[in-house]
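The values are calculated or read from the model by the stated rules, or taken from the named source; none is laboratory data. Remember, predicted model here, so these are calculated numbers, not experimental data. Note: ideal-geometry Cβ built from the backbone for every residue, glycine included; neighbour counts use all protein chains shown. For accessibility, only protein heavy atoms count, side chains too; no ligands or nucleic acids. Shrake-Rupley method; radii C 1.70, N 1.55, O 1.52, S 1.80 Å.
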Amino acid sequence: MPPIRSARNRKPPPEGFEDIEDTLLDFANKMKDAENASHEGKKRHEMIWPIFQITHQRSRYIYDLYYTKEAISKQLYDWLLKNNYADANLIAKWKKTGYEKLCCIRCIQTKETNFNSTCICRVPHDQLQENQSIQCVSCGCRGCASSD
Amino acid sequence: MLKSTHHVVNRPPPPPPQSIAALQEGWTEHTAPSGHNYYYHAATKKSTYTRPAQDPPPSIPQNEPAHWHQQSSFPPSQYPRAPLGSPQAYPQGAQHTPHHDFPRRSHDGRRQPPADRPKHLHTIPNCDPWVLVITKLGRRFVHNVESGESFWKFPPDILLAVIKFDHAQREGKKIEEGPKTATTEAGAAPRPETEHDAKEKENRDAEEQSEYEEVEVEVTDSEDEEMATKRLKLDGEEQAFEFNEDDMAYQLEGMGEDDFDAQGEFDDMIAEEDAEADELSPEDAELLFQDLLDDHHVNPYTPWESVIENDAIIDDSRYTVLPNMKSRLDVFNRWSRQRIEALKEAKAKQEKRDPRIAYLALLDKKGSTKLYWPEFKRKYRAEPTMKDGKLLDRDREKLYREHVKRLQQSQSSLKADLTKLLQSLPLSSLNRSTSLNALPSSLATDIRLISLPEKVRNPIIESHISNLPEAPDQADRSESERFQDDQKKAERDRRERALTEREQFAREQATRNSKSLMHSRRILEQEQREVQDAMRPGMKGLKSQLEGL
């Protein structure tokens, strides 16, 4: 039986968490607002776009802090991933060439589409038609090819 | 044909002095319903407005100078000694030309000539009784106040003084014109003064000679004019008319030149602006942007999106020193990286604020032998230190029990413990400059400190501290830090000065643009007005326009 972890005996987060705590709280509030937002006047698939967007932003924030700004320690980064502050699978994709700006995992799931292809947002802008503006169905992305 | 009809209809009554001359035989004087006097010869049944005086020829030359003298408020007297001068006292008809010789209406009420008369009077320095007079039409002559003499052509000694005076005036004008170009340009209505200005501006290089030559030419003209004294009046009008037409063109020309000047300056401004932009190097721009971030106390841990949500940052002028969003994001990333590093260093340097310090302070205040640990915990559970995640509950309980146990000991043993503790501390942590409010953490976290009440322990600690020597090597470090701070401040001042200069240039350029726009618009309006005037037939129909040509 795992130990029951209450507020009293919970282990405190690693060093440096208090620096980013405010920003993470902001993201949490935004996420709550997005979850509770009304669906009036929205298409069926549009409703979940903000959820994906906030998740992407928060993951990118933590990724940047650890990999580009080197502002947080390895312990804190692991702790954040473990506690689901960031999407580890998405960050894993960002490390691969060609997926540096990937919007969400769903957009590269070829098996879920009719023609076994990626989402429209993965197509570079120069391969699209002139002035063609797109917004993908799964997360509302307007284009996340690395060459854009 | 035209002339004769006009003659009959419009000729106004002759001036009063003529009426002194007696009428010729057979003529009688009558008053027309319009109020004009006319003369009727009963025998020939002729009527005329002109007075059929007995001696008509001499009346005109006598009349004219008197007429002019009445008009001019500042009548220059005759100047007999001038070699090229005319006996005529005043410059009417200076620019008489033969092709204008056909008779004209002399007293047409509609087109009364703007008579030339003195407009400005300047005292010439070092040339006392002489004054320089500028007429309404922009011509100049010198006048001796004492003797009443006037000369179109400057005598050589006065000429030198006038040249000096002109130099001085031009310098003054240059200084004045700097900030006031707008007003002088805006006020460029077709007036003689502005025309004069334009002339001056145009001839700035060759002015000294050309202007004085101009005067000479005028004088010779008026000398020619002397020969034909009969046409004085006509010439006066003609000259004014010529001014109206020629000088309009001249003025437009001058304005065009002004415009070109302005354009030239404008180009210069652009060049300077470029130079200025070059001066504000990319490094400086980056540093300015970093200053902006520092000044707004941006948290380096925040994402870029929330930084630019702050309007105060976007409204700041330093926000625009970087050309685009990408560069701003780059700079922000670099800046936040540096800042976070600095913060980490500072944190490492700073002694860690032990969570036990706050808890021990709470124990010192509230701890008593009358409360068990569960009671104490329950009573003060709202205190922030009791909820602090850094300190485990286990440790809190341990500290509380120990504290309560020590409170029951005797005062003397507690005092001995405290002095022992104080003596065990090294000189670097505890020295003479230590204050009671900021005790070193090694001392503040020790349970032996709070066992005695504050009133008892503070004198002991104070006496101990006062006996300690100074801390080693404090002064050197602070001095070097101060020097670094000064350097940083100077750098920052320089950057900000560059920014303000850049802004000022941008503003000046904007005003210059608007000014040139206004100017060209005004020229356009003026041209349109002229075209309209030309298109619209007057009261007299086409006739007036034909005569105007």
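Brief remarks on what is shown
- Most mobile listed residue (A:Gly16, A:Gly41, A:Gly98) in chain A, GNM with C-alpha springs under 10 Å: A:Gly41
- Taken across both chains, chains A and B shield about 1400 Å² of accessible surface from a 1.4 Å probe.
- Kirkwood hydrodynamic radius over Cα pairs of chain A, then Stokes diffusion coefficient at 4 °C and 1.567 mPa s, in µm²/s: 74 µm²/s
- Charge dipole (debye, nearest 20) of region B:426-536; +1 at Cβ of Lys and Arg, -1 at Cβ of Asp and Glu: 480 debye
- Dividing the Cα radius of gyration of region B:484-528 by 2.2 N^0.38 Å, with N the residue count, gives 2.10.
- Equivalent ellipsoid dimensions for region A:18-95 as semi-axes, Å, which come from the Cα gyration tensor, largest first: 26, 14, 9
- Each Cα pair under 8 Å and six or more residues apart adds its sequence gap; the mean of these over the residue count of region A:75-123 is a relative contact order of 20 percent.
- Take region B:282-344 with all the other protein chains still there, run a 1.4 Å probe, and you get 51 Å² of accessible area per residue.
- Placing unit charges on the Cβ atoms of the charged side chains and taking the dipole of region A:100-147 about its Cα centre, the candidate lying farthest along the positive direction among A:Val123, A:Cys104, A:Ser147 is A:Cys104.
- Pairs beyond 30 Å (Cα-Cα), from B:Lys344/B:Lys379; A:Lys69/B:Lys377; B:Lys347/B:Lys387; A:Lys30/B:Lys398; A:Lys69/B:Lys390: B:Lys344/B:Lys379; A:Lys69/B:Lys377; A:Lys30/B:Lys398
- Other protein chain Cβ atoms within 10 Å, averaged over every residue that makes up B:341-348: 2
- Its convex hull of Cα atoms gives region B:283-380 a direction-averaged projected area, equal to a quarter of the hull surface, of 9.9 nm².
- Portion, in percent, of the accessible area of region A:7-148 that falls on carbon or sulfur, probe 1.4 Å: 46 percent
- Value in Å of the Kirkwood radius, where region B:369-411 supplies the Cα pairs that are averaged: 11.2 Å
- Think of a 1.4 Å ball rolled over the protein heavy atoms: region A:18-95 then has 60 Å² of accessible area per residue.
- Computed over Cα pairs, the Kirkwood radius of region B:357-502 leads via Stokes-Einstein (1.306 mPa s, 10 °C) to a diffusion coefficient of 85 µm² per second.
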